[in-house]
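To keep things clear, I will list the structure first and then write my remarks on it.
Derivation of every value follows stated rules applied to the coordinates shown; laboratory data play no part. Since this is a predicted model, take the numbers as computed values, not measurements. For neighbour counting, all protein chains shown are included, and Cβ atoms are generated from backbone atoms with ideal geometry for every residue, glycine included.
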Amino acid sequence: MHAMTGANGRLGRDIAASVADLGKTDEVVLLTRDPDAVGDLRDCGFDIRRADFGDTESMTAALEGIDTLLMISATGPASVRIPLHRSAFDAIENSEVRKVVYTSRVAPYSSSPYPCAAIHEYSEERLKSLKGSYTILRNNEYAENLERYLSEAERTGILRYGAKGPIAFIARRDVVAAAVAAFFDDTATDKVYELSGPEALDRVHLAAALSEATGKTIACDDGTAEAFSETARSMGEPDFISEMRIGLYRASELGEWMATMPDDTRSLLPTEPTPVSQYIKASFGN
């Protein structure tokens, strides 16, 4: 039996939809802090169990009878997420889970200026210390995270997406496909997969791609890391996300997010990964 955490999150729901399309709802238990919020998924045939990363007892109970766990990383600032992950791993350690698939991030090193990198460094190290096998999916920045910045730029002619260096953005659907493949593939064990798109663009090239897609002249705002953070805050992003934007600016400047998808990761996908320029053309092209 398989189980997945974060069932009510956006990635979790997308993965659940893919599992349903495969006709495997009877093989997967969905774990969430609020089972009432995923009643629609229960109607699709999933078993739903309450599990809270911060409540080791609830996690331990929810993992009863589970062989393979897809652990979607928690959300929130590092000061909150590391204790949550520590508690979740304690529960996994005391369970009969034989394999954990974990959604990590590219460049998961505490030395990175990206503030959440330390969460994934801790989680990957803890995961490798467990008695079972592991599969680590290191996600790059989602192409979909550009949408609000690109929409504004289409209206104003100025792209205020402030990441300075190139990023190999990946489409969420490619992350979903890779996660589902790793979830059900017993051979994908004790491996680390780098989930990045096939091209890396900086803000100048993102503006150029949007210009080509829309037929409008889009300039690039050559702002600082702090300006990028303020832009994110002005768009309604939470404070901890705004702070992450500073880290994203500086990590991209160092080239930490520019590596494209290697061949071993491509083997998880049913089709070629989507280039970010293609995503922009499909979303904003006339």
>> Below 14 Å, Cα to Cα, which aspartates and glutamates can K191 reach? Residues fewer than 8 away in the same chain don't count.
In response: E124, E125, D263, D264
> What residue among V28, A51, A88 has its Cα farthest toward the positive end of the dipole of region 2-139, where the charges are +1 on Lys, Arg and -1 on Asp, Glu, each on the Cβ?
Replying inline: A88
> Under 17 Å Cα-Cα from K24, which aspartates and glutamates qualify once same-chain neighbours fewer than 8 residues away are excluded?
Replying inline: D14, D40, D43, D47, D67, D185, D186
>> Please list, ordered by chain and number, the residues whose modelled amide H lies under 5 Å from the amide H of L70; skip anything fewer than 5 residues away on the same chain.
In response: A3, M4, T5, V101
>> If each residue of separation counts as 0.36 nm, what is the full-extension length gain between S267 and S110 once their alpha-carbon separation is subtracted?
In response: 53.6 nm
> What does the chain give for Rg and for Dmax, in Å, if only its C-alpha atoms count?
Replying inline: 19.1, 57
>> Assuming 0.36 nm per residue, please report the length gained on full extension of the stretch T224 to I158 beyond their Cα-Cα distance.
In response: 22.3 nm
> Tilt of helix 117-129 relative to the longest C-alpha principal axis of the chain, in degrees (0 to 90, nearest 10)?
Replying inline: 30 degrees
> To the nearest 0.05, what FRET efficiency results for C44 and E125 with a Förster distance of 35 Å applied to their C-beta separation?
Replying inline: 0.50
> What is the Rg over Rh value, at two decimals, for region 189-286, using alpha-carbon atoms and the Kirkwood definition of Rh?
Replying inline: 1.02
>> If Rh is defined by the Kirkwood formula over all Cα pairs and Rg also comes from Cα, what ratio Rg/Rh do you get for region 2-139?
In response: 0.95
> From the backbone phi of region 184-192, what are the Karplus-calculated ³J(HN,Hα) couplings (6.51 cos²θ - 1.76 cosθ + 1.60, θ = phi - 60°) in whole Hz, Gly and Pro given as x?
Replying inline: 9, 9, 6, 8, 7, 10, 6, 10, 10
> How far apart, in nm, are two points set 7 Å out from the Cα along the Cα-to-Cβ line at V192 and at R233?
Replying inline: 3.4 nm
> Residue by residue through region 151-164, which ³J(HN,Hα) values in whole Hz follow from phi under the Karplus form 6.51 cos²θ - 1.76 cosθ + 1.60 (θ = phi - 60°), with glycine and proline marked x?
Replying inline: 4, 4, 5, 5, 7, 9, x, 10, 8, 9, 6, x, 4, 7
> When DSSP beta bridges are limited to those with both residues in the chain, what percentage is antiparallel, rounded to the nearest 5?
Replying inline: 5 percent
>> 7 Å from Cα along Cα→Cβ at both A17 and T217: what's the point-to-point distance in nm?
In response: 3.9 nm
> Summing -39500 (n - 2.57) over the DSSP H runs of n ≥ 4 in the chain and dividing by its residue number, what mean residue ellipticity at 222 nm do you reach, to the nearest 500 deg cm²/dmol?
Replying inline: -13000 deg cm²/dmol
>> Please list, ordered by chain and number, the residues whose modelled amide H lies under 5 Å from the amide H of V192; skip anything fewer than 5 residues away on the same chain.
In response: I136
> Once amide H atoms are built 1.01 Å from N in the peptide plane, which residues 5 or more positions from R105, or in another chain, come under 5 Å H to H?
Replying inline: N139
> Each residue of region 53-64 in order: what ³J(HN,Hα) in whole Hz does its phi give by Karplus 6.51 cos²θ - 1.76 cosθ + 1.60, θ = phi - 60°, with x for Gly and Pro?
Replying inline: 3, x, 10, 4, 5, 5, 5, 4, 5, 5, 8, 4
> Where the only charges are on Cβ atoms (+1 Lys, Arg; -1 Asp, Glu), what is the dipole of region 147-232 about its Cα centre, to the nearest 20 debye?
Replying inline: 260 debye
>> Let's see if you can work this out: charge +1 on each Lys and Arg Cβ, -1 on each Asp and Glu Cβ, no other charges. What is the dipole magnitude of the chain about its Cα centre, in debye to the nearest 20?
In response: 340 debye
